[in-house]
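The values are calculated or read from the model by the stated rules, or taken from the named source; none is laboratory data. All values reported here derive from a predicted model rather than from experimental measurement. Backbone-built Cβ (ideal geometry, glycine too); neighbour counts: all protein chains shown.
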Amino acid sequence: MMLQVNDAVVRYGAITALHGITFEINQGEIVTLLGANGAGKSTTLRMLSGLHAPATGKIIFEGQDITNTKAHQFVALGIAHVPEGRRIFPQMTVEENLEMGAFTRSGSFSDDMDRMYETFPILKERRKQLGGNLSGGEQQMLAIGRALMGSPRLLLLDEPSMGLAPMIVETIFRIIGEIRDSGTTVLVVEQNAAQALRLADRGYVMENGRIVFSDKASNLLHDERVRAVYLGESVEGT
Amino acid sequence: MKAFVKRPFVSHLLTSIGAMAIFELMTGPPGSSTTPTAGFTGSFGERASFFGLFATYRFVVFLALAVIVSGVWTLWQSRGSVIKHGVNTGLARPRAAWQLKPVRTGFFLALFIFALFLPHLETDPYWQSVMVEEIAVYVLLALGLNVVVGFAGLLDLGFVAFYAVGAYVTAWVTGALPTPAPFGIHLNAFFAIPIAIALVMIFGVLIGLPTLRLRGDYLAIVTLGFGEIVTIFANNQYGITGGSEGTNAIPHFSIHLWFIHYVWGLAPVPYYYLTLAFVVVFIIVFSLLEHSRVGRAWTAIREDEVAAESIGINPLKYKVMAFAIGAASAGFAGVVTAGQTIFVNPQSFTLPVSINILALVIFGGMGSIAGVVVGAVLIQTVSMYLLHSPPAGYQSSDLYIYLGAALVLMMIFRPAGLIPSRRRRREIGMAEAGEGHMDEVLTGDTP
């Protein structure tokens, strides 16, 4: 087991956002966290990237208790976070953005740069352009590439499909699959349930700050409850 | 008619005439209830009347100026659009001549050589002391604040605190304060340099650790408060700092090495060279820092703090570093001021000084070392010139009107400063193209 969250409670002041959630991520799989707006998906990811420590409960990564680790220490542990809304550095070039991703690493990382350009050929083309001038999809790729430059073992993706055209979402999800195949474990938080479930190995469904059920992704895709609430008509058509 | 007014040159001309009218009012003698138009006519004698406006030649001069300004403006706009397109295509534009390294280095060398000979070219004692007290010291202060505001993007409105601490530490270790000097040893002012720099940096860390958790406007207000606290403390703690009178017993710098004995007197030139040497050192250190790992971390934090954190940068650590490093040059400026003028008092370290330093940085170009140096030299020279030989009707308190007007004009026509840093210009270019806000740099609020 790579990452284990045990009965984690997260509060924002008087409001409890997560009422004790428990889940796990195994080495080499893609896990997706589904749920409606306000279900607690983003809070979970904020907790997992150190932006908001849980009030009670434990987070264990590769046998190490990381419950109270600060956000900037996560990269060194091997967990990279692609924040919601991409948040690339708008006034740095694509190249500089990728280099910044390797900030915590010492030594040469030019091999990794080449690998990023192989994974994302479009970024190589746009190497000298400013991050802020890329299209949404390119920015998302850059954000993922930047996170991968820290050579993480676990990659956390917050809404990678947000605001992107369906075709680009397709590409991004294909690349996420490739990332898993190359050995990096992935946790995806998504609103786009159908797409996420087709990609993922397992899924957790959240409601009102609780995990209500979990299963293999292929089962969830055909689960009545999931279909009714999250997939609606979109699955009927496919 | 409307279309005619809307034509670029006409609208520029009208705006310029308006601006020049205000300028003329500002530079003319202050009016009174009987002669409200004295500012325009340059004379107290003219009664308020429409024709009184045209009684002197002043309006001709200002009309001519308005025509020239609008001409330059129109030209600038036609050229400026090229710059804007450069930003819009999204490529990091090819470097302008100024951005090339040899040009920059050559410029600095030329400036340095000029600075070396300056005291021999300008022998007026007023200007010689201005060179040290008002120019060199302010270049140091602006260089320091540039690290905080320009590199790390932290708006510090209490920068004068570091300057004050540097000066007071000098007074302390040389035994000039009511507080006994450390270990009872009255040190030479020279030894105050490393001690003051070290203590000011520690002071920067102490102030930075609690305040730098705040962002943007909140940070600005808290630093403003800290600046005031230092001044008020110095003013009120008579037994520690000498109160409002401060002290005037700081010994001059001196060298006593075997058979070499040299005492820096009140004469400013030796201090000038001492300060110049340190300015060069700080310029070199800060520009190396800018391109180091630390500098890149500062840029990342300035652009997007959450993203910076997500790639493993500890924002608090690097912000505190910026505070401490920026404080170092301010601390040294404090030592020079204390050592040369031999006195310190709280009135030298008030809020307007902080604002003045910030104006130098903004005018010169945030994040651009060359810009900040040139900006500081220019503004300080002009303001000291106005103080030395004021034009008719000029009062020393008018300075801030001009400074304010200069900054407003700067923000309109050259928002990235006199000599912009490359990145800062991009940031502003993008803000103009509607991609993000240029104020992000100051407020730290990223969408």
*Identify all residues within the stretch A:80-96 that are out of contact with any Asp or Glu (no Cβ under 9 Å at 6 or more places or on another chain) and more than 9 Å from chain B (Cβ to nearest Cβ); write none if there are none.*
A:GLU95
*Go through the residues of the stretch B:364-383 one by one and say whether even a single one is at pLDDT below 90, within 21 Å of B:PRO268 (Cβ to Cβ), of a type in the set (Val, Ile, Thr) and in a helix (DSSP H, G or I).*
yes
*Which members of the stretch B:141-158 meet the condition of being part of a helix (DSSP H, G or I) and farther than 11 Å from B:ILE369 by Cα?*
B:LEU141, B:VAL148, B:VAL149
*When only residues in the stretch B:327-359 that are surrounded by fewer than 24 Cβ atoms within 10 Å (Cβ to Cβ) and assigned to a loop (DSSP other than H, G, I, E, B) count, which is nearest to the other protein chains (Cβ to nearest Cβ)?*
B:THR350
_Test: residue in the stretch A:16-25 that is under 25 Å from B:ALA308 (Cα atoms), assigned to a strand (DSSP E or B) and β-branched (Val, Ile, Thr)_ = no
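B:VAL230: among the β-branched types (Val, Ile, Thr) and in contact with a Gly (Cβ under 9 Å, 6 or more places away or on another chain), yes or no? Can you show your working first?
Details: among the β-branched types (Val, Ile, Thr): yes; in contact with a Gly (Cβ under 9 Å, 6 or more places away or on another chain): yes.
Answer is yes for this residue.
Based on what the data block shows, is A:LEU77 modelled with pLDDT of 90 or more, under 18 Å from the mean Cα position of the chain (by Cα) and within 14 Å of chain B (Cβ to nearest Cβ)?
Working: modelled with pLDDT of 90 or more: yes; under 18 Å from the mean Cα position of the chain (by Cα): yes; within 14 Å of chain B (Cβ to nearest Cβ): yes.
Here the answer is yes, as A:LEU77 does meet what is asked.
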*asked:* Being at pLDDT 70 or above and either more than 19 Å from B:LEU399 (Cβ to Cβ) or polar (S, T, N, Q) (or both) is the filter here; which residues of the stretch B:20-36 pass it?
replied: B:MET20, B:ALA21
*Is at least one residue of the stretch A:109-124 in contact with a Leu (Cβ under 6 Å, 6 or more places away or on another chain) and in a loop (DSSP other than H, G, I, E, B)?*
no
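Within the stretch A:32-46, which residues are more than 14 Å from chain B (Cβ to nearest Cβ) and not β-branched (Val, Ile, Thr)? Even if it seems obvious, please write down each step before you answer.
At the first step, the residues of the stretch A:32-46 found to be more than 14 Å from chain B (Cβ to nearest Cβ) are A:32-41, A:43-44.
Selection gives A:LEU33, A:LEU34, A:GLY35, A:ALA36, A:ASN37, A:GLY38, A:ALA39, A:GLY40, A:LYS41.
Got at least one residue in the stretch B:316-326 being of a type in the set (Lys, Arg) and either closer than 13 Å to B:GLY166 by Cβ or more than 9 Å from chain A (Cβ to nearest Cβ) (or both)?
yes
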_If B:GLY295 satisfies all but one of (1) free of Cβ contacts under 8 Å to residues at least 24 places away in the same chain; (2) part of a helix (DSSP H, G or I); (3) within 14 Å of chain A (Cβ to nearest Cβ), what's the number of the condition it fails?_
(1)
_Complete set of residues in the stretch B:113-140 that are exposed (fewer than 14 other Cβ atoms within 10 Å of the Cβ) and touching a residue at least 24 places away in the same chain (Cβ under 8 Å)_ = B:LEU116, B:PRO125, B:TYR126
*Would you check if there is a residue in the stretch B:215-230 being surrounded by 17 or more Cβ atoms within 10 Å (Cβ to Cβ), more than 20 Å from B:VAL147 (Cβ to Cβ) and assigned by TED's automatic domain parsing to the domain that holds B:ILE369?*
yes
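Are there strands (runs of 3 or more DSSP E) fully within the stretch A:139-238 with at least 1 residues that are without any contact (Cβ under 8 Å) to a residue 40 or more places away in the chain and surrounded by fewer than 23 Cβ atoms within 10 Å (Cβ to Cβ)? List them.
Details: elements: A:154-158, A:185-190, A:202-207, A:210-216.
Ranges flagged: A:210-216.
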_Tally up the residues in the stretch B:222-273 that are closer than 30 Å to B:PHE323 by Cβ, of a type in the set (Gly, Ala, Ser) and in contact with a strand residue (DSSP E or B) (Cβ under 7 Å, 6 or more places away or on another chain), please._
1
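For (1) modelled with pLDDT of 85 or more; (2) more than 22 Å from the chain's Cα centre (by Cα); (3) of a type outside the set (Val, Ile, Thr), each residue gets a yes or a no:
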| residue | (1), (2), (3) |
| --- | --- |
| B:SER81 | no, yes, yes |
| B:THR89 | no, yes, no |
| B:ALA97 | no, yes, yes |
| B:GLY106 | no, yes, yes |
| B:LEU109 | yes, no, yes |
| B:GLU122 | no, yes, yes |
| B:TRP127 | yes, no, yes |
| B:TYR138 | yes, no, yes |
| B:LEU143 | yes, no, yes |
